[in-house]
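Only one structure is covered here, and it is reproduced in the block below.
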Amino acid sequence: MPAKNIDELIALCKRRGFIFQSSEIYGGTQGLYDYGPLGVELKNNIKNSWWKSIVYERDDVEGLDASILTKPVVLKHSGHEETFTDPLIDCKKCNGRWRADHLESSSCSLTKKSVVDCNKKDLTDARPFNLMFKTNMGPIDDGSSFAYLRPETAQQIFTNFKNVVDSTSRMVPFGIAQMGKAFRNEITLKSFIFRVREFEQMELEYFVKPGEDEKSHKDWVETRLEWWTEQGVSKDSLELYDVPSDELAHYSKATVDIMYKFPHGLEELEGIANRTDFDLGSHSKDQDQLKLTAKVAENKNSNSKLALQDEGNKWFVPFVIEPSAGVDRAFLAILNESYFVEDIDGKERVVLKLKPHLSPIKAAVIPLKKNDKNLVTMAKNIKNTLQKLGMGRVLLENSGNIGKNYRRHDEVGTPICITVDFESLENETITVRDRDSMEQKRMSVDEVVNYFKETF
Ligand code: ATP
């Protein structure tokens, strides 16, 4: 049965090197996690799978990798300086600090009771708390020159809109995709990597003509649902949530959240928002007011507005559909979906039934006998042949303990284990064990190469 207990996943992550608490040797830092040797592989595979489906497999999306440090004016005009806040409540007695909308699930450190059951007189009124991190830029630390660490990857897509259009001659509908770090000084940290202060997003801004936005929004919800199932997240674990108008972000006309049944409950995995022309519109206004670049001011023909011309040469500001997914939440959902504890003849087997394209290690090559020169040489050659195919990490396991290796590789989701034995030296066949069925088959190296090409 699949594990629905977050502690089992946390233990696996630590034991096998997927995720560690940041600065653990100094007691750890709340809300920050480090991805270990296998975590970085799984995370990269998730991101690559997203990039492949959003950029490579489509003809209407360009990629971008913009800076994280962001000029305050960008986040002023995006509305983040004013509205990217959570309502914060303090307790005058225990000095606890919680999000006003999370009081029910927060507990007091003194009474250990839910905060809603505490004495209301001790609680302050809610006050807005801005979630953006600030940092100093330049050599003088007097607060006069600072930057924000971006709270979402989206804004630099909007500020680069004209650059991308000018350099690619794109016309709507088209999109710009970006993956990367985002930072939020979250008050309520939650469930391992679910809500953290430093995380990664995979965001697409898809530009369409006004009037075509609602259909595109619907299409993107379908497309994204499909992608999640291709990553092994079952449809039964997903739900769509139409965000009610009083909960919409300041830029959104409509948002559909893809919700996932995380071990701690049903929560947002990805948000798909119709951001209208809010962002391009407000960054255009900014340029009008500030006459930002000398070049734009000099060249009257240059259009600094973040707009496009239609067939009749009339300018319009495109509407934007934004599918925005968190990499860390994707990691947690995929891990949870693939984690199974099975009973095999009275013995427990933990297995990560990851989709092969996501597996951190694609195959383990194991010589039957540790340090046997001929077996190890053949195993090394097979490892190198498979590694050179460029499909992901292949590991040589020279511990000689086949059973232990099988168990370890089941737990980290390696789709196949390849054993090189004395028969291999004679007829060049190897034993391939399948992670899910545990079946073993004798195959030639060429057959394994073909399996690699077809599977990854
Ligand atoms: P929530 O309120 O659930 O924390 P949000 O509505 O503020 O999330 P968005 O601003 O829509 O999130 O961000 C898009 C995606 O980025 C989310 O669906 C989520 O996957 C991810 N994300 C946002 N905040 C965090 C965070 N603090 N930690 C990890 N992932 C996050």
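The values are calculated or read from the model by the stated rules, or taken from the named source; none is laboratory data. These numbers come from a predicted model, not from an experiment. Using ideal geometry, Cβ is built from the backbone for each residue, glycine included, and neighbour counts are taken over all protein chains shown. Heads up: the accessible areas ignore ligands, DNA and RNA and are worked out on the full protein's heavy atoms, side chains in. Shrake-Rupley method; radii C 1.70, N 1.55, O 1.52, S 1.80 Å.
Scanning the range 12-30 for residues that are hydrophobic (A, V, I, L, M, F, W, C) and over 23 Å from ASN185 (Cα atoms) yields LEU12, CYS13, PHE18.
Consider GLY403 carefully, then state whether it is surrounded by fewer than 21 Cβ atoms within 10 Å (Cβ to Cβ) and farther than 23 Å from GLN231 by Cα. Explain how you work it out, then say what you get.
Numbers: surrounded by fewer than 21 Cβ atoms within 10 Å (Cβ to Cβ): yes; farther than 23 Å from GLN231 by Cα: yes.
Criteria met by GLY403.
From the list ALA249, ALA182, the one residue that fits, being near the ligand (Cβ under 10 Å from one of its atoms), of a type in the set (A, V, I, L, M, F, W, C) and within 18 Å of the chain's Cα centre (by Cα), is ALA182.
Say we look at the range 138-155 and pick out the residues that are of a type in the set (Gly, Ala, Ser) and either surrounded by 15 or more Cβ atoms within 10 Å (Cβ to Cβ) or under 23 Å from GLY326 (Cβ atoms) (or both); which of these is nearest to the ligand (Cβ to nearest atom)?
Pass one, the range 138-155, residues of a type in the set (Gly, Ala, Ser): 138, 143-145, 147, 154.
Now drop any that are not either surrounded by 15 or more Cβ atoms within 10 Å (Cβ to Cβ) or under 23 Å from GLY326 (Cβ atoms) (or both), which leaves 147, 154.
On the way: ALA147: 20, ALA154: 9 Å.
Filtering first and then ranking leaves ALA154.
If you go through the range 188-247 and pick out every residue that is part of a helix (DSSP H, G or I) and of a type in the set (D, E, K, R), you end up with 13.
When you check PHE158 against the structure, is it within 16 Å of the ligand (Cβ to nearest atom), modelled with pLDDT of 95 or more and buried (at least 21 other Cβ atoms within 10 Å of the Cβ), yes or no? Write out each step before concluding.
Numbers: within 16 Å of the ligand (Cβ to nearest atom): yes; modelled with pLDDT of 95 or more: yes; buried (at least 21 other Cβ atoms within 10 Å of the Cβ): yes.
Judged against the criteria, PHE158 is a match.
The residues of the range 301-348 that are basic (Lys, Arg) and at pLDDT below 95, listed by number, are LYS305, LYS314, LYS347. For ALA325, the conditions (1) within 16 Å of the ligand (Cβ to nearest atom); (2) at positive phi are fulfilled apart from (2). Checking each residue in the range 19-37 for being among the charged types (D, E, K, R) and more than 17 Å from the chain's Cα centre (by Cα) picks out only GLU24. Residues in the range 225-233: is at least one within 16 Å of the ligand (Cβ to nearest atom), open to solvent by 20 Å² or more (accessible area, probe 1.4 Å), in the same structural domain as GLU322 (by TED's automatic domain parsing) and touching a residue at least 40 places away in the same chain (Cβ under 8 Å)? Among the residues of the range 225-233, not one is within 16 Å of the ligand (Cβ to nearest atom), open to solvent by 20 Å² or more (accessible area, probe 1.4 Å), in the same structural domain as GLU322 (by TED's automatic domain parsing) and touching a residue at least 40 places away in the same chain (Cβ under 8 Å), which makes the answer no.
For residues that are outside any loop (DSSP other than H, G, I, E, B) and either in contact with a helix residue (DSSP H, G or I) (Cβ under 8 Å, 6 or more places away or on another chain) or at pLDDT below 80 (or both), tally how many sit in the range 90-118. Spell out the reasoning first.
Of the range 90-118, the ones outside any loop (DSSP other than H, G, I, E, B) are 90-91, 97-105, 107, 114-117.
Cutting the leftovers down to either in contact with a helix residue (DSSP H, G or I) (Cβ under 8 Å, 6 or more places away or on another chain) or at pLDDT below 80 (or both) gives us 91, 98, 103-105, 107, 114-117.
Counting residues in the range 90-118 that are outside any loop (DSSP other than H, G, I, E, B) and either in contact with a helix residue (DSSP H, G or I) (Cβ under 8 Å, 6 or more places away or on another chain) or at pLDDT below 80 (or both) gives 10.
Scanning the range 375-393 for residues that are in contact (Cβ under 8 Å) with a residue 60 or more places away in the chain, among the β-branched types (Val, Ile, Thr) and open to solvent by 60 Å² or more (accessible area, probe 1.4 Å) yields a count of 1. Would you pick out the residues in the range 348-374 that are without any contact (Cβ under 8 Å) to a residue 60 or more places away in the chain, open to solvent by less than 70 Å² (accessible area, probe 1.4 Å) and out of contact with any helix residue (DSSP H, G or I) (no Cβ under 7 Å at 6 or more places or on another chain)? Correct list: ASP372 only. Go through the range 418-444 and give me each residue that's surrounded by fewer than 18 Cβ atoms within 10 Å (Cβ to Cβ), of a type in the set (A, V, I, L, M) and out of contact with any helix residue (DSSP H, G or I) (no Cβ under 6 Å at 6 or more places or on another chain). Answer for the range 418-444, where residues must be surrounded by fewer than 18 Cβ atoms within 10 Å (Cβ to Cβ), of a type in the set (A, V, I, L, M) and out of contact with any helix residue (DSSP H, G or I) (no Cβ under 6 Å at 6 or more places or on another chain): MET438, MET443. Close Cβ contacts (under 9 Å, 6 or more residues apart or on different chains) running from residues in the range 191-212 that are under 30 Å from ARG170 (Cβ atoms) and touching a residue at least 24 places away in the same chain (Cβ under 8 Å) to residues that are within 12 Å of the ligand (Cβ to nearest atom) and in a loop (DSSP other than H, G, I, E, B) comprise PHE199/ARG184; PHE199/ILE193; GLU200/THR153; GLN201/GLU152; GLN201/THR153; MET202/THR153; GLU203/GLU152; GLU203/THR153. Within the range 410-420, can one find any residue that is in contact with a strand residue (DSSP E or B) (Cβ under 7 Å, 6 or more places away or on another chain) and over 19 Å from LEU396 (Cβ atoms)? Scanning the range 410-420, I find no residue that is in contact with a strand residue (DSSP E or B) (Cβ under 7 Å, 6 or more places away or on another chain) and over 19 Å from LEU396 (Cβ atoms), so the answer is no.
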